[in-house]
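What follows is a set of notes on a single structure, which appears directly below.
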Amino acid sequence: MESPASAPWPRWAFETGLLKCLDARGRKDVERAGSRRRLGRGELCYDAGELGDAFFVVLAGSVELAATRRGDESPSVIRCAERGQTFGEECALPGARRLARASAATDVELVGVPMAVFHRSVERAGGSPVAERELRALSRAHMKDLLATLAFARDLSEADRDLLLDGVRRQKLARGETLFYAGETAAAAYLIVDGLIQLQTEDDTGIWVRAYLAPGDLLGDEDALAESVHAQRAVALGTAECLEIPVVLLRTLADRNPRLPPKIRRVAAERGQRQARVVGDAAARSTQHVFHDVYRMQMARSLLVIDQEACVRCGHCSWSCAELYGVTRLIRRGDKVLTPRSREDDVKSLLLPNTCQHCKNPACMPDCPTGAIGRDPEGEVFIRAELCTGCGACVRGCPWDNIQLVERVAAKTRRPEAVSGHEGGARQASPLVAVKCDLCHEYEAPACVQACPTEAIHRVDPAEDFSELAALFGGPKAVARGAAAPKKARGRELPLSLALCVLLAAVGFSLAASERVVPAAGLGLASGWLAALGFFVLASYAWVKRHVLGWMRPRRRSLRDGALGKRARSRVAPAYRLHWIVGCVTAAAVALHGGAEWSVSVAGALGATFWLLAALGVLGGVAYQVLPERLARLERRGNLPEDLEAERARLVQQVYQRTSGRHALVKAVAEHVLLPYARHPLGGLMLLVSGRSLKRERARLRGEVAKRLDGAGDERLLGLEDLVESVVELRALPARRFASFLLRGFLVPHVLLAALAVTLLVIHALGALVR
C-alpha cells in the first residue's frame, strides 16, 4: 500500500510526460496525494493483471516492463522506462488492469501519481492539448487491445478494428440513464465496454426485465441493420460506457465479414435463453433474489454477507469494529437475498449489511478532491485519513450508503493528522473524516469475520461465489476459493453436549444420593475442584470474546492470504463451542460433587445459582439453535431491534393506503378476514412456532380468502395481493420482536448470575480450605 510522499519531488519530475500540463496548484495536489518509492534491483512494482489507479515517473534508475504478447507462451520485455519517463499509463481508463509486469531493472526511485487527482488538476486548469493528446492515444491503444478479446471484434482483421475505432463514438451513461427507448428509430448499435445494461419492456402491469448485458455484449444491431425501431428500452444499472457504432459502419463490417451477424445472433440467443432460465428460477424461489440489484453484485469484489439462518443477532461483529476503530464501519441493516452458495446445495438467506464492498470501479474514488481514496493491487479500497477534508463527496458518490462522515476525534486513526507540503507548512485536519470498511488492512483478517461466534459472517465475491451470477453472464461455474462457509453440521455440539451432560449429571446425582460419593473426600472432592476449574474456564469466555486485540494479528505480509479477506475464519467460534462443552462437563461435576441436596448455606446458594445459570445457558443455546432459521423466514430486510417500531408504523400506513379507494369487496375482505388476522394477539407466536416463511404464509392466507369467497368476485379483488403481503408482514412483526428478545435477553441475567456464582465459589472454596 502506498503512503504519502515524505520528501519533496524534484522540480524536473513535472517536466516529463503527462505531468507537463499541470499548473502550480495541480503540482502541489499531485505531490500531496502521490507516493515516493525506492525499489531494489528485481523488486516488483506491480504485476500484470492487477488493478491500477496511478501511473509512475522514474526519478532514478530504470524499470522493465514485460508482458506475454498474443500468440507467445512466455513474457518478453516490451520497453524500459528510464529516468524522467513514465509508465503505468493504462490507469487512465476506469477499471483498467495492468497490461505488463513492472520490475526494477536497477536500483530505482520513482513517484506514483493517482490518475483521479491528475484528471481533476488538468480539468481545473482548463485542460491541456498535450494531456488530451496523450490520453486519447492511451485510450485508443487500450480499446484496441480490448476489442481483440471481445466476441464481437475478436475475429476482425487489424484493418477492420482500426476502421471500427475510427468510426465509433464513446458514450458514458450515469446510473439509471437510458441508452435508447422502445419505439425509438434504431440508428446505431452499441458495444458495452464497461458497466451493466438492462433491457426492459413495459405494459399495463409494470416493467419487465428481458435481459442483462455486460461488457463485450452488443445490443441494437438487429434493429439497426433492419432499419426498424427498438423493441426494448436499454437502461444503465450503474455507471456504464458504450461504443456507439453507426449503422453505416455496422453494415460495412457485416458486408466485409459475412459470418459476423449470424455469430452475434447465436451468442445473443444463447445468452437470452440462459438468462431467462436463471432469472426465472430465482424469481420462482423468492422475491428476494440477487437480480434485484444485479449491478451491485457485478460491481462488488468483497461483499460482506451474513447468513441469517446462523446469525444470532448478537451484534458482536459491529461491536468489535467499533472497539477497534472508535466508530463502527458496519451497520447491521440492509437488503436480504436468497441465493445458493457455490459450496452448498441449499439456498441461503443472506443479509447485505451497510459496509464497503470494494467495488471494481469505485464510484467514491473519482469525486474525492484530494486523492484520499486509494486502492491497492489486491483491489482493497481505503481512505487516507490524513488527506481527507471531510467534504462528503465520497458519501454522496457511494450508491449504497456505505461511507459515513464522523468526528475525527471519534475515529481511531493510526496515521498523522496533519500533512506537510501544502502552502509550505502543515495542513490543518478537518473536524470530520470519512470512514468505511477497509477490511482491517493493518491486520491479517477483518475483525467482524473473526468475531462472529457462529461463523455466520463472510466476505464473498458475488461473481465467483454466487453460481446464479456466473450462469447469468455466461461465465464458468463458480468455484469458491475459501470464501463460502464450509459445509458443516451447524450446532451439532449442542445436542451432543446436552446428551452427555444429562447422562453424566444423572450418574452424578445417583452416586451422590446413594452416598457412594461424598463432597469432602475422594471422587466427590476431585469433582468439586474440577467444577471450580470449569467455572473459571467458562468465565474466561467473556474475556476471550471481548478482548478484540487479543485475537487480531497484525498484518505481516504485503498481501494477505486470500483476496480481500475472503479466507478469514472466526477466532471466537471455537471458544464458543468449547464454552458449551466445558459447561456440560462442569454441570456433571457439580452434580457429582453436590448431589441433589439443598441447604441454607453458601454451598446451597452456590448450587442453586449454578443450576439457574445452567438453565439459562441451555435456554440460550436452544434459542441459538432454533430461532435464527425461523426468524430469517419472517424477514424481508435486515433490521435492528430499534427499527421495528418504525417498521410497524410503515406497515400500518401501507395497509391503510392499500385499502383506501379499493372495491367494496376488497374492503369487506380486509375488515372481516385480513385485519382480524393481523391483530390476533397470539398470531405472531403461532407463525413463529409453525416455521412457515412469509411466502408460504401469504399463500396460506390467500387460500383461506379464496375458500371463504368460494370463487366469487375474483375480478373485483385487484390489489388484494399487496394487501395480503402487508398484513402477513404485520403479523410477523411481533414474532420478530419476540425472537430477537429471546436471542439477546438471556445474556444479561446469564452474565449477572455467572458473576454471582464465581463470587460464591470463591467464598465456598476458601471456607473448605479453612476447614
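Some notes on this structure:
- Here the accessible area of segment 647-758 is 61 percent carbon and sulfur, with a 1.4 angstrom probe and all protein chains present.
- Measuring nothing but protein heavy atoms, the accessible surface of segment 207-255 at 1.4 Å probe radius is 53 percent carbon and sulfur.
- T178 accessible area, 1.4 Å probe, all protein chains in place, Å² to nearest 10: 30
- Compactness ratio for segment 614-771: Cα radius of gyration over 2.2 N^0.38 Å (N = residue count) comes to 1.50.
- When all alpha carbon pairs of segment 206-272 are counted in 10 Å bins from zero, the resulting P(r) reads 16, 51, 29, 3, 0 %.
- Computed over protein heavy atoms with a 1.4 Å probe, the accessible surface of segment 189-248 works out to 40 Å² per residue.
- Across K144/K360; K336/K667; K436/K545; K144/K172; K172/K360, pairs whose alpha-carbon gap is larger than 26 Å: K336/K667
- Computed from backbone phi, the HN-Hα couplings of segment 102-110 come to 10, 9, 6, 6, 9, 4, 9, 10, 8 Hz, rounded to whole numbers (Karplus: 6.51 cos²θ - 1.76 cosθ + 1.60, θ = phi - 60°; Gly and Pro given as x).
- Solvent-accessible area, 1.4 Å probe, carbon plus sulfur percent, for segment 428-467: 58
- Accessible-area order (highest first, 1.4 angstrom probe) of the listed residues W208, W319, W580: W208, W319, W580
- Distance from segment 662-702 to segment 14-63 (C-alpha centre basis), Å: 64
- Here the simple spin-label model places points 7 Å from the Cα toward Cβ, and for S599 and W12 these points are separated by 9.4 nm.
- Extension gain for T185-L619 works out to 149.5 nm (0.36 nm per residue, less the C-alpha to C-alpha distance).
- Backbone amide hydrogens, once placed in the peptide plane, bring Y46 within less than 5 Å of A102, excluding anything fewer than 5 places away on its chain.
- For R630, the solvent-accessible surface computed with a 1.4 Å probe is close to 70 Å², ligands and nucleic acids excluded.
- Full extension of the segment from F738 to R170, taken as 0.36 nm per residue of separation minus the current Cα-Cα distance, would add 198.9 nm.
- Accessible surface calculations at 1.4 Å, restricted to protein heavy atoms, place segment 337-409 at 32 Å² per residue.
The values are calculated or read from the model by the stated rules, or taken from the named source; none is laboratory data. Note that the coordinates shown come from a computational prediction; the quantities given were computed from them, not determined experimentally. Here the Cβ is made from the backbone with ideal geometry for all residues, glycine too, and neighbour counts use every protein chain on show. Each accessible area value is taken on the protein alone, full model and side chains, heavy atoms only, with ligands, DNA and RNA left out. Shrake-Rupley method; radii C 1.70, N 1.55, O 1.52, S 1.80 Å.
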